[in-house]
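These notes are about the structure you will find just below.
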Amino acid sequence: MSNVIDLLEKLGSDPDLRHASAAVLEQALREANVDPAIREALLTRNQQRLEALLGASANVCCMIATPAREEDDDDDDRKEDDDDHQDGGDEKALRRAS
């Protein structure tokens with residue numbers, strides 16, 4: 001199955017291959033030694049058949065999640081401190097002007 005995943009990745013990242021003719025795509029599938037049933041599903045763009053052959057679910061979501069950094073909390077605290085200092089500075093300026 002990894003050769004199918006590798007090929008799907010290549011199809012998604014190579015615009016020439018993604019928009020290639022059926023003959024060129026079929027040749028790429030043959031060169032990648034993709035199973036004939038999977039090859040047929042890809043060539044006919046039969047998503048349901050491909051999902052069944054690969055044992056995949058239609059509800060597949062690919063994403064990259066990064067953990068929250070603790071520094072973000074520190075940045076928020078610093079911003080609140082800066083806001084407090086600015087407010088205090090305005091009050092001092094008002095007192096001097098009086």
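Among residues belonging to the stretch 1-17 that are part of a helix (DSSP H, G or I) and acidic (Asp, Glu), point out the one that is farthest from Val34 (Cα to Cα). Reasoning before the result, please.
Kept after step one, since they are part of a helix (DSSP H, G or I), are these residues of the stretch 1-17: 2-13, 15-17.
Retained after the next criterion (residues that are acidic (Asp, Glu)): 6, 9, 16.
Numbers: Asp6: 10, Glu9: 14, Asp16: 20 Å.
Restricting to residues being part of a helix (DSSP H, G or I) and acidic (Asp, Glu), the top hit is Asp16.
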Practice task
Test Gln86 against the criterion of being modelled with pLDDT of 75 or more, exposed (fewer than 11 other Cβ atoms within 10 Å of the Cβ) and assigned to a helix (DSSP H, G or I), and give yes or no.
Solution key: no
Problem - Some residue of the stretch 53-62 being assigned to a helix (DSSP H, G or I) and at pLDDT 85 or above - result: yes
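Determine whether Ile64 is among the aliphatic types (A, V, I, L, M) and more than 18 Å from Leu11 (Cα to Cα). Spell out the reasoning first.
Details: among the aliphatic types (A, V, I, L, M): yes; more than 18 Å from Leu11 (Cα to Cα): yes.
Judged against the criteria, Ile64 is a match.
The values are calculated or read from the model by the stated rules, or taken from the named source; none is laboratory data. All figures in this text were calculated on a predicted structure; none of them were measured in a lab. Quick reminder, even Gly has a Cβ in these numbers, built from the backbone with ideal geometry, and neighbours come from all protein chains shown.
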